[in-house]
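The values are calculated or read from the model by the stated rules, or taken from the named source; none is laboratory data. The structure presented is a predicted model; accordingly, all values stated were derived computationally and were not measured. Cβ atoms come from the backbone with ideal geometry, glycine included; neighbour counts cover every protein chain shown. We work out accessible area using only protein heavy atoms, side chains counted, and drop any ligands, DNA or RNA first. Shrake-Rupley method; radii C 1.70, N 1.55, O 1.52, S 1.80 Å.
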Amino acid sequence: MAGRRVKKPCDIAFPPWSDLPSELVSLIFQYLQLPDLLRCRAVCRSWRHMEPHGGPPTQHVPLMIFSLRPNSVSQRFFSVSDRKIQFLTLNERASGAVCCGSFDKWLALSHWRYGDFLLNPFKNSIIRLPKRGDYLVSRGYNKFGGPYGEFQNDPFLFRKVILPKSPHDKSDRSKPCMVAAIFHHSSLVPPSCEKNIAICKLNASWFVYDNLNFAFEDIIFYGEKLLAINHQEAVFKVEVGESRHGRLCIWGIIATDIQPRFIHSYDSDYRKRIYIVQSCINRELLMVLRYLKGENECGSATCFFKIYEIDRKSNPNSCTWREKEDLNGEAIFVSQSGSKAILASEKLGFEGNCIYFLDEIRNQEGLISISQLDDLEVFHMKDGRIEKIVRNRNNSSLSPPAWFFLSNDLRHY
């Protein structure tokens, strides 16, 4: 016993992390939010390609994208769940781009040099959107140094870009992947004016519907239907078809049976922004009204929100909007480039019955106001309180913040 060497803990050979049973690792992954999930999947190659196993996939909290900085491939994302800033290295084409939408694992970006494209931030893969035609131009001052006139690749042209499904979804090959967008022509008008609609296939040209005497405020894919809402809160169904040349086109804009709500006295005292969202509980439409106060669009401050749901019982022949006092545990994330409702829970790190919104007020040249530094705030429906969560003190970029909505399926990353 005298000459026997005692093994120290550091001398014991532990098996590598990659030898852990894949079923156990995959089960652990189901309980992680995206920031922790990305760190774990960077440990080894086997963890990187881990498939989900057992139980439903985790519901991921949206990430807030700070203004995409020019001349930098490292971009900042804010995690609402742990309230920390994460850095992701993106494709160089995202540098200085404007985020105009988010779906599944994809960001819809517009760049003054590279045009419009979809980007998967985790694999840095790119899907180019069709080039803009002669009609999709911005009229005004070129914010990148050019003269007054028409600007072909104005990154602020598209206000919102949406897709009904993932561009790589091949479950139904008979239905092509469609892209719909809200845009406005002039950079010399506030964002609430001149909003129009355009659609396309990924491999075909844009179709612009300009036979309108009003502007759309928001659009949404509701099942297989493309719905739009205008400033008067009227909901329309966009009839989409295919021409004989295989190009998507809009056959017409048809009013639905959803009747406008009763207008209150405070509606004339505030400016409002309108968002339409699908509830994650009963899958019904919700109308979110954001009321702002200020001398102009640029200097407006958010005062309060109102939520309305569709009432189908009061009148059997039509539907009406009914005010909703409680979200039943849902939290709604809204922005001009995309909105989504998610069922909140303590483990996800955010509260229910709240509306998380971004300060994205632009002035008439499309630039972010220097005074609008509070990027992310939350409205509590219970007491009407507005809480500031994160402040961007370096708001030198032209692009506004945006939401990045994530897929719940682990295989998408």
Study note, to complete from the structure: Expected output for the range 317-331 (first residue over 18 Å from Lys382 (Cα atoms), partner among the acidic types (Asp, Glu), Cβ below 6 Å, 6+ apart or cross-chain) is Ser318/Asp257; Cys319/Asp257; Thr320/Asp311
Practice item. Considering every residue within the range 240-256, establish whether at least one is open to solvent by 50 Å² or more (accessible area, probe 1.4 Å), of a type in the set (Ser, Thr, Tyr), assigned to a loop (DSSP other than H, G, I, E, B) and at pLDDT below 90. Key: no
Check your understanding: What are the residue pairs meeting all of these: first residue in the range 208-226, first residue of a type outside the set (D, E, K, R), second residue open to solvent by less than 60 Å² (accessible area, probe 1.4 Å) and at pLDDT below 80, Cβ atoms under 7 Å, and 6 or more apart or on different chains?
Key -> Val208/Leu136; Ala215/Cys193; Ala215/Lys195; Phe216/Lys195
Review point. List, please: which pairs have Cβ atoms under 6 Å, are six or more places apart or on different chains, and start with a residue in the range 244-261 that is of a type in the set (Gly, Ala, Ser) and end with one that is modelled with pLDDT of 85 or more?
Key: Gly252/Glu239; Ala255/Phe236
Review point. Looking at (1) in contact with a Phe, Trp or Tyr (Cβ under 7 Å, 6 or more places away or on another chain); (2) surrounded by fewer than 18 Cβ atoms within 10 Å (Cβ to Cβ); (3) modelled with pLDDT under 75; (4) not charged (D, E, K, R), which is the one condition that is false for Gly366?
Key: (2)
Check your understanding: Do we find that Leu248 is farther than 14 Å from Trp321 by Cβ and in contact with a strand residue (DSSP E or B) (Cβ under 9 Å, 6 or more places away or on another chain) in this structure?
Key -> yes
**Study point:** Candidates Gly384, Gly352, filtered to the one that is closer than 25 Å to Ser79 by Cα, open to solvent by less than 30 Å² (accessible area, probe 1.4 Å) and modelled with pLDDT of 85 or more
**Key:** Gly352
Practice item. Search the range 66-89 for residues being modelled with pLDDT of 80 or more and hydroxyl-bearing (Ser, Thr, Tyr), and hand back the single one that is most open to solvent (accessible area, probe 1.4 Å). Key: Thr89
**Study point:** Residue satisfying all of: in the range 257-277; open to solvent by 70 Å² or more (accessible area, probe 1.4 Å) and farther than 14 Å from Asn315 by Cβ; modelled with the lowest pLDDT among these
**Key:** Ser265
Exercise for review: Select from the range 212-239 the residues that are touching a strand residue (DSSP E or B) at 6+ places or on another chain (Cβ under 8 Å) and not in a strand (DSSP E or B) and write down the one among them that is least open to solvent (accessible area, probe 1.4 Å).
Suggested key: Glu233
Point to revise | Qualifying residues in the range 251-287 (those that are among the β-branched types (Val, Ile, Thr) and under 15 Å from Trp321 (Cβ atoms)) - the one farthest from the chain's Cα centre (by Cα) | key: Ile263
Review point. Do we find a residue being open to solvent by 60 Å² or more (accessible area, probe 1.4 Å), at pLDDT 85 or above, closer than 28 Å to Asp375 by Cβ and not in a strand (DSSP E or B) anywhere in the range 17-39?
Key: no
